[in-house]
Amino acid sequence: MHPRYTLIIPHYHQPLLLERLLDSVPIRADLQVVVVDDGSPEECMTQWEALKDKFSTTAFLRLPNNR
């Protein structure tokens, strides 16, 4: 089944707040969740990778530079 809705979440340098937000999003077959990181600093990447593991049904995209 293709998702009917897409939730796009912009993100920059707040992995703990992102985790809280993702915890609140229901897992539904008709909902696609996409997180786009706007070039957060490298010190956030360990937490970023942990979030990718925890929320495996969420698509994570990372821009190399902050725009």
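The values are calculated or read from the model by the stated rules, or taken from the named source; none is laboratory data. The model shown is predicted, which means the values in this text are computed figures rather than measured ones. As a convention, Cβ positions derive from the backbone with ideal geometry for all residues, glycine included, and neighbour counts pool all protein chains shown. For the accessible areas, the whole protein counts, side chains as well, though only heavy atoms, and no ligand, DNA or RNA atoms are used. Shrake-Rupley method; radii C 1.70, N 1.55, O 1.52, S 1.80 Å.
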*Would you work out which of LEU22, ASN65, PRO3 lies farthest towards the positive end of the dipole of the chain, given +1 charges on the beta-carbon of Lys and Arg and -1 on that of Asp and Glu, about the Cα centre?*
PRO3
*Helix 45-54: angle to the longest alpha-carbon principal axis of the chain, degrees 0 to 90, nearest 10?*
20
_Rg in Å to one decimal, and Dmax rounded to a whole Å, for the chain via C-alpha atoms_ = 11.9, 37
*May I ask for the net charge around LEU18, where only other residues with Cβ less than 13 Å from the Cβ of LEU18 are counted and Lys, Arg are +1 while Asp, Glu are -1?*
-1
*Heavy-atom accessible area per residue, the chain, 1.4 Å probe: how many Å²?*
72
_Whole-percent carbon and sulfur share, accessible surface of the chain, 1.4 Å_ = 55
